[in-house]
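Undergrad: After the structure tokens below, expect a handful of questions from me.
The values are calculated or read from the model by the stated rules, or taken from the named source; none is laboratory data. On a predicted model such as this, the values are computed, not experimentally measured, just so you know. Note that we place each Cβ from the backbone using ideal geometry, even for glycine, and neighbour counts take in every protein chain shown.
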């Protein structure tokens, strides 16, 4: 059974006031059920708002190289990578749509993902990052001014997805420009400016050696995930051949 959260629990989790919760209910960003005179909120709905809900893997009825993508296994590799370096990470398909749940989103990014329009803006940034043909820098910048590093995932010789790692600065932002950006983001995505400003203070500024770690380890982790995809594909092919041989054997025995 899906766990239900109280309004107070939701406030503590999202770091918002009661008025904001009701505003989110009214504009459709949040779904809840009323038990008597009190609201209750399904936990999986809150996970979705925070960008930590379980993504739906493609099924065998869908065509393409990402059929039966091993989300659980890859998610664990992604979490270990992000946890060790202390950055955010997500795997997206070739169109920029998230395959895994974003890992280790910092408080600022969690606020952005808690807004429906903020989530859309983040997804659009992922799409632009992975679709960019060339890049003049090792890092790319999202709509909110944070830096990312991308690395392609191949299955055989065919590209199938991207590992996108980021949610940090590579240098301290200009105070005046940052304040202007935060005001725009607050208005555009209906997020209280005070909360956004406080969360922005916790965005990490990576030192030189940390930037080098991100540049070095992002493609390494991508290669590890590629190995998982290739091994899984080979195992599935072998099982398919075994199933076909079993069918032939059954037919010949009749």
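Undergrad: Being at pLDDT 80 or above and surrounded by fewer than 16 Cβ atoms within 10 Å (Cβ to Cβ) is the requirement here; does residue 78 meet it?
TA: Considered against the rule, which asks whether it is at pLDDT 80 or above and surrounded by fewer than 16 Cβ atoms within 10 Å (Cβ to Cβ), residue 78 comes out as no.
Undergrad: Right, residue 163: assigned by TED's automatic domain parsing to the domain that holds residue 97, surrounded by 14 or more Cβ atoms within 10 Å (Cβ to Cβ) and modelled with pLDDT of 90 or more or not? Give the derivation first.
TA: On the way: assigned by TED's automatic domain parsing to the domain that holds residue 97: yes; surrounded by 14 or more Cβ atoms within 10 Å (Cβ to Cβ): yes; modelled with pLDDT of 90 or more: yes.
Yes; evaluated as a whole, the condition is true for this residue.
Undergrad: Follow-up question, since we're still on this one. Looking for whichever is over 21 Å from residue 83 (Cβ atoms) and at pLDDT below 90 here; the options are 138, 125. Which one fits?
TA: Every option except 138 fails the conditions.
Undergrad: Given the conditions (1) at pLDDT below 80; (2) crowded, with 18+ Cβ neighbours inside 10 Å; (3) in contact with a helix residue (DSSP H, G or I) (Cβ under 6 Å, 6 or more places away or on another chain), which single one is not true for residue 53?
TA: Of (1) at pLDDT below 80; (2) crowded, with 18+ Cβ neighbours inside 10 Å; (3) in contact with a helix residue (DSSP H, G or I) (Cβ under 6 Å, 6 or more places away or on another chain), only one is false for residue 53: (2).
Undergrad: Quick check on my filter: what residues within region 1-16 are in contact (Cβ under 8 Å) with a residue 12 or more places away in the chain and farther than 21 Å from residue 36 by Cβ?
TA: 13, 14, 15, 16
Undergrad: Ok, one more. Can you name the condition, by its number, that residue 104 falls short on among (1) in contact with a strand residue (DSSP E or B) (Cβ under 8 Å, 6 or more places away or on another chain); (2) at negative phi?
TA: The failed condition is (2).
Undergrad: Right, next: Which members of region 160-191 meet the condition of being part of a loop (DSSP other than H, G, I, E, B), more than 25 Å from residue 89 (Cβ to Cβ) and without any contact (Cβ under 8 Å) to a residue 60 or more places away in the chain?
TA: Scanning region 160-191 gives a single hit, 174.
Undergrad: Additional query: Sort out which residues of region 144-159 are at pLDDT 90 or above and part of a loop (DSSP other than H, G, I, E, B), and write them in order of number.
TA: 144, 145, 146
Undergrad: Could you check region 186-210 and list, in sequence order, the residues that are closer than 16 Å to residue 145 by Cβ and out of contact with any helix residue (DSSP H, G or I) (no Cβ under 6 Å at 6 or more places or on another chain)?
TA: 187, 188, 201, 204, 205, 206
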